[in-house]
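What follows is a set of notes on a single structure, which appears directly below.
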Amino acid sequence: MADLLSQFAFIFTSLDFYAAVFRLTTPILLVAMGSIFCERAGIMNIATEGFMLMGAMTAVVVTYYLGSPWLGALGAMLAAMVLSLLFAVFVVIIGTDHIVTAVALNVFSLGTTSLIFRQIFGAMSRTPDITGLPIWRLPLLGDLPVLGNILFNQSPLVYLAFLSVPIANFFMFRTKWGLNIRAVGETPRAADTVGLNVYRIRIYTILVSGLVAGLAGAFLSIGQTTIFQEGMTAGRGYIAYTAIVFGKWNPLGALVGAVIFGFADALQLRIQALGMGIPYQFALMIPYLFTVLAIVFAVGRVSWSAAYGQPYRRVERSVD
Amino acid sequence: MGEMLRLDNITKSFPGVLANDRISLDVREGEILALLGENGAGKTTLMNCLYGQLKPDAGQIYWRGRPMEIPDSHAAVSLGIGMVHQHFMLVPVLSVVENVSLGLASTRGLLLDLEYIETRLNTLSREFGLEVNPRAVIWRLPVGAQQRVEILKALYREIQLLILDEPTAVLTPGEVNDLFAVLRRLSARGVSVILITHKLEEVMAISDRVTVLRDGRVVETVKTSDTTPHELAHLMVGREVIFDVHKPPLKQGKIALEVQNIKAVGERGALALNNISFSLHEGEILGFAGVDGNGQQELEEVLCGLRRIREGQVFLHGQEVSHYKPDQLHQLGLAHIPSDRLDRAVAVKLTVEENMVASHISKPPYSRRGILNPKAIRQFVQHSISTFNIQTPSPRAAVATLSGGNQQRVVLASALGHQPRVLIAAQPTRGLDVGLTQQVYERLVQERSRGAAILLISTELQEIFRLSDRIAVMYRGELMGIAPVEKTNVNQIGMMMAGVRLEQQEDSLP
């Protein structure tokens, strides 16, 4: 017991651990900030899992052929956006169920990414020889004692993810578009009568979620590693959704949620690495356990708007 | 006065219904036109065509003499047409200014310009006597204030024609007067008003002209000063209207339902029923009046076992039933006509037969040991269909295929089928036409004569006055008082609806 405690103490006093928290929070946070707008516009979007996976695969392939991880990231964003367009067409225009459509797309993405990857690189375990995204040690800040290494010696996408929080917050609550998005999600009919285009706003916000989730996927495959693995997102899209719900659809709240999950993820990695006598399967469970707990504690205080997750139809039989 | 708007032969049909049949009407500058008609006459459909929410099948809209297409509401607003819907088109979680700003270009580009809007809004609200706090969040405002926000929203967009769909349904009599004062001010400034209503006294009180609709057609357009309520009623219904319900004298029996100091919490977690006590006797109708949203629905739910009581007790024939479940109450002879027909009273995809028998299904003769008895069910249903004159192609037809009136008949048949001892009738005539309303009234009075104790919840004051032996009024979850119908009047009830207790009123009498 004392041994276990000292091992935990070792984990929590290690600076690398906190650097890992930031790194592991990044993909979840990016996805959450990207999809919080379509969530606010009334779309229940758990298809980000599939968008991310598509991004992760595309990033490796494009980087391999074009030689630049930046182009790889761009390719990832575009590929994921195409997938999100498909999602938008289904849920907004055709009016299908958001969850069913998302699950179908996620399964589609899982199969397609594996298929394409194997077609290109074969079934062998040899990884394609590519360079991933660089690490940026920020001038001055990166030289700070302690904090410098934790915060400012990271992939540019880590900075972007954390910067995106105040940006999303400002956009959501201080701009015209943010207000429009909130109105469309809450009371689409009211938004429609004042001339807001409910369909267009919902489609645009879904495309943004695809674009950003693609980038988050690229971070997984060419930011942290230089490899694509089947199903490598491992539920991070769903976890990002949970972070949004946990944060009551506010960017700052979702940040808290994402950091909690990043923390859980870093913790399980350390526990595995240290071989603390805890079976690795249990360690692997930790982030998902956190997710379940977060939902249990958050959902009680969450109030969903009536329009959330519902397809919008403009013309209904009007009753006098 | 010049012509502002003209509708020429507007036709709109829905599957199986011709909602608007070649409707023509015109509105002049600064005029208040009443659009009178029963529920289902096609008033709202017509206005939705005008407001760009429905596309007419045929016909032409002329705006200031020019033919116009109005593809959506935005186009209507740009022309200068504003509409206050029966169900407000406001975003409840946003503030008043935010709601007003929706859909408008900001003076600060992409950034919000709420301060600017607030200043202009304050000017407008002073000018027209529409008092409202611009920073308040919509869902916290009382309905009367929400309606003022809707009107302000339209005025902010500099509309020249304001359509109001049944605006007084959610107002106290005092608030109705305030609204009418606002409408007069609008009309004095050349803004035209179309007032959709089915209430004759409103038409007489405020309008310059009336267009009467019946079954989707224009029956007549008359100057208000040239007509009488009696004539309008005749035009609206198409036959003589008997307004009186023959009600035999009260034979009050034992106490059937007693409520002591109950408290209950509403959807938003706030106290919706605060210390309510009353008793209901056999053979009487106790009417609960009040503006919608003052706790009536929660009272209905509490009495029928659908909402938990936090404090206090309920007794049914002397037996405490405070925490009984709906089916237990039903066993004790309590029946319920729910206010929300589609949500609570019928399952629209099931058949007429299934709906009618659903609440009796667990008892013999309809079932024994969990096995249904089709013969007994069929007999009951056949009997009910003829007693209540339900027009359905077959007992096996889905309730969704029936008209609203016939759906309500199914509800009545189910609730009254086994001679309940206590009946909770919530908004029993909502959405029904005059003829059917009359039938419902007669039926309720029959039940009363039989000795049933009836609790009537209604937002229609006339209905309350016609049927009730005693009238109770709820305001913000509290009981303002209970008065015998012969010792009270609309003024007194109206004061209670606005939150003045009965005893305070008597105190203030000279």
Measure off 7 Å from each Cα along the Cα-to-Cβ vector at residue A:82 and residue A:103, then give the distance between these two points in nanometres to one decimal. 2.7 nm
Suppose the Debye formula is applied to equal point scatterers at every Cα of chain B; what is log10 I(q)/I(0) at q = 0.07, 0.12 Å⁻¹? -0.43, -1.22
Compute the orientation-averaged projected area for the range B:102-233 from the convex hull of its Cα atoms and round it to one decimal in nm². 9.7 nm²
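For the range B:57-118, what does the convex hull of the Cα positions come to per residue, in cubic angstrom?
Numbers: hull volume 8.8 nm³, N = 62.
Each residue corresponds to 143 Å³ of Cα convex hull volume.
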³J(HN,Hα) across the range B:88-100 via Karplus (A = 6.51, B = -1.76, C = 1.60, θ = phi - 60°), whole Hz, x for Gly/Pro? 4, 9, 10, 8, x, 7, 9, 7, 4, 4, 4, 4, 5
Which value in Å does the Kirkwood hydrodynamic radius of the protein assembly as shown take, with 1/r averaged over all unlike C-alpha pairs and then inverted? 30.8 Å
Given contacts defined as C-alpha pairs under 8 Å and at least six residues apart, what's the relative contact order of chain A, whole-number percent? 34 percent
Check which residues have an amide H placed less than 5 Å from residue B:307's amide H, if you skip close sequence neighbours. B:302
Which entries of A:176/A:248; B:325/B:375; A:176/B:12; B:254/B:363; B:325/B:487 have Cα-Cα distances beyond 31 Å here? A:176/B:12; B:325/B:487
Please list, short to long, the whole-number percent of alpha-carbon pairs of the range B:101-163 in consecutive 10 angstrom bins beginning at zero. 20, 54, 25, 1
If R0 = 35 Å, then residue B:137 and residue B:116, at their Cβ-Cβ distance, give a FRET efficiency to the nearest 0.05 of 0.95
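For residue B:231 and residue B:332, FRET efficiency with R0 = 51 Å and r from the beta-carbon atoms, rounded to 0.05? Before the final figure, lay out each step's value.
Values: r = 49 Å, r/R0 = 0.95.
About 0.55, to the nearest 0.05.
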Enumerate the amide H contacts of residue B:478 below 5 Å, restricted to partners 5 or more residues apart or on another chain; note that Pro and chain-start residues carry no placed amide H. B:274
Residues of type aspartates and glutamates that residue B:153 reaches as a straight line, Cα spacing below 16 Å, ignoring anything fewer than 8 places off in the same chain: A:192, B:98, B:113, B:115, B:118, B:127, B:131, B:165
Under a GNM of chain A (C-alpha, springs under 10 Å), which listed residue has the highest mean-square fluctuation: A:218, A:104, A:88? A:104
Using only Cα atoms, find the angle between the long axis of helix A:280-299 and the longest principal axis of chain A, and express it within 0 to 90 degrees, rounded to the nearest 10. 30 degrees
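For the range B:3-237, what does the relative contact order come out to in percent, with C-alpha contacts under 8 Å and a separation of six or more?
On the way: 448 pairs, mean separation 68.2, N = 235.
Rounded, it is 29 percent for the range B:3-237.
Which number do you get for Rg(Cα) / (2.2 N^0.38 Å) in the range B:402-510? Intermediate values should be presented prior to the final figure.
Values: Rg = 15.6 Å, N = 109, 2.2 N^0.38 = 13.1 Å.
Working it through for the range B:402-510, the quotient is 1.20.
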Roughly what would the spin-label model give for residue B:267 and residue B:178, points 7 Å off Cα along C-beta, in nm? 2.3 nm
For the range A:27-235, restrict the atom set to alpha-carbon positions and state the Rg and Dmax in Å. 18.3, 58
Go ahead and collect, in residue order, the members of the range A:44-62 whose backbone nitrogen is under 13 Å from a label point 7 Å along the Cα-Cβ direction of residue A:131. none
For helix B:374-387, report the angle its Cα long axis makes with the longest principal axis of the Cα atoms of chain B; keep it between 0 and 90° and round to the nearest 10°. 50 degrees
For the pair residue B:320 and residue B:394, the simple spin-label estimate (label points 7 Å beyond Cα toward Cβ) gives in nm 5.1 nm
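No value in this document is a laboratory result; all are computed from the given coordinates. In this text the structure is predicted, and so the values were computed from the model without any measurement. Because the Cβ atoms are built from the backbone with ideal geometry, glycine has one as well, and the counts that use them run over all protein chains shown.
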